[in-house]
Amino acid sequence: MNTVIIGSGNVAYHLAKAFKERSLPVSLFGRNAGELERISDELDLPFYTELPKADLFLICVSDRAVEEVSLQIPYQDALVAHTSGSLPREALKGSYRKACFYPLQTFSRKQKLNYSEIPIFVDAETPEDANVLKHLASEISGSVMEISFEQRKYLHLTAVFACNFVNHLFARAKEIADAQEIPFRYFLPLIDETVKKIHHANPEDVQTGPAVRNDKTILERHEKLITNTETAKIYDVMNESIRTMYHLE
Ligand SMILES: NC(=O)c1ccc[n+]([C@@H]2O[C@H](COP(=O)([O-])OP(=O)(O)OC[C@H]3O[C@@H](n4cnc5c(N)ncnc54)[C@H](OP(=O)(O)O)[C@@H]3O)[C@@H](O)[C@H]2O)c1
């Protein structure tokens, strides 16, 4: 199956690399010729600035550009999928077979990834197209599932809590450490262990810290140390959430 990846951002780069590693026929198309050329050189893949024909188009552009880009595909016999966790298939506006090909991972260009471990969720208009995408996805990943848009919305919401919010907490934690000139690297074993633990345990069962111990003296002491208003709000909300989950007075 001949695939054209549209875009030259984080997801486009990593999907192109995953396809290349599995020797799946793939080329790149997009509006950013400089970036396309850079990826093309690195991965030794062809790129186009005029849309070529293909069996499958994977639209890997910003969510707000998906509709506009989808209108540029004139091939009615093609299968076209976007890679967004939060858009329905109907965000694709052209006349062709529509689908979603959603890899559940946080993609940053410079970060190396093991593609075989990344769950890929597909959603297509027909069982035949779902099978085509599942087959393709299983060439890359050992974890491939079909999912409805209803469920995908919750998948994405869960990912926002489990990844985006947690990363923001790391950023806030680093601010506190930086202000005291404590190198953030000292926290990496703690962070790694926190994540390792939940590979085998329910997160709710392994909560530690002053909030779940209901240690009000420490909580008040911490509150006095926080100087940033936003960080103070997060500290309050997190403690309140923990108190509620563990039914603490
Ligand atoms: N990043 C993740 O962790 C992740 C994970 C799963 C799914 N996704 C989904 O994957 C898709 C791509 O995300 P990303 O993180 O790869 O985005 P990104 O790194 O910000 O790259 C966005 C790409 O879209 C292009 N673009 C933006 N507006 C455009 C327009 N009007 N016309 C044509 N091209 C346009 C950009 O081109 P320029 O360089 O010219 O601006 C760039 O190539 C999104 O739907 C996102 O929700 C992302």
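The values are calculated or read from the model by the stated rules, or taken from the named source; none is laboratory data. If you're wondering where the values come from, they're calculated on a predicted model, not measured in any experiment. Counting neighbours? That spans all protein chains shown, and the Cβs are built from the backbone with ideal geometry, glycine included. Just so you know, the surface numbers come from the protein's heavy atoms only, side chains and all, with ligands and any DNA or RNA stripped out. Shrake-Rupley method; radii C 1.70, N 1.55, O 1.52, S 1.80 Å.
Worth pointing out:
- Summing Cβ point charges (Lys, Arg +1; Asp, Glu -1) relative to the Cα centre of the chain gives a dipole of roughly 300 debye.
- Subtracting the Cα-Cα distance of Asp55 and Asn214 from 0.36 nm times their residue separation leaves 51.4 nm of extension gain.
- Descending principal axes extents, the stretch 152-245, alpha-carbon based, whole Å: 39, 30, 25
- Under-5 Å amide H pairs with Tyr48, H placed in peptide plane, nonlocal only: Leu28, Phe29, Gly30
- Cα-Cα P(r), the stretch 16-64, percent of pairs per 5 Å interval: 5, 20, 29, 29, 15, 2, 0
- On full extension, the segment bounded by Leu43 and Arg109 gains 22.5 nm, given 0.36 nm per residue less the C-alpha separation.
- For Arg172, the accessible area of its heavy atoms, probed at 1.4 Å with every protein chain present, is near 40 square angstrom.
- The 1.4 Å probe gives accessible areas that order Tyr154, Tyr96, Tyr235, Tyr48, largest first, as Tyr154, Tyr48, Tyr235, Tyr96.
- Under 5 Å, built H, 5+ apart or other chain: amide partners of Ser143: Ile120
- Bridge type composition, the chain - antiparallel percent by DSSP, nearest 5: 20 percent
- Ordered from largest to smallest accessible area (heavy atoms of protein chains, 1.4 Å probe), the residues His135, His222, His14 come out as His135, His222, His14.
- Whole-percent carbon and sulfur share, accessible surface of the chain, 1.4 Å: 53 percent
- A 1.4 Å probe over all protein chains sorts Thr194, Thr3 by accessible area into Thr194, Thr3, starting with the largest.
- The chain gives an Rg/Rh value of 1.06, both radii derived from C-alpha positions and Rh following Kirkwood.
- Separation of the stretch 57-113 and the stretch 1-41, taken as the distance between their Cα centroids, equals 13 angstrom.
- Theoretical gain in end-to-end length, His247 to His168 [0.36 nm per residue, Cα-Cα removed]: 25.8 nm
- A probe of 1.4 angstrom, applied to the heavy atoms of all protein chains, finds Asp205 with accessible area near 120 square angstrom.
- Phi-based couplings in Hz for the stretch 221-238 (Karplus 6.51, -1.76, 1.60; Gly and Pro marked x): 5, 4, 4, 5, 7, 7, 9, 7, 4, 5, 5, 4, 5, 4, 4, 5, 4, 5
- Only helices enter the 222 nm calculation for the chain: every DSSP H run of n ≥ 4 contributes -39,500 (n - 2.57), and dividing by all residues gives -13000 deg cm²/dmol, rounded to 500.
- The chain, relative contact order in percent, only Cα pairs under 8 angstrom and at least six apart counted: 11 percent
- Mean separation of Cα pairs under 8 Å and 6 or more residues apart, divided by the residue count, gives the stretch 1-124 a relative contact order of 22 percent.
- Considering only the Cα atoms of the stretch 3-147, their convex hull presents on average a projected area of 7.5 nm².
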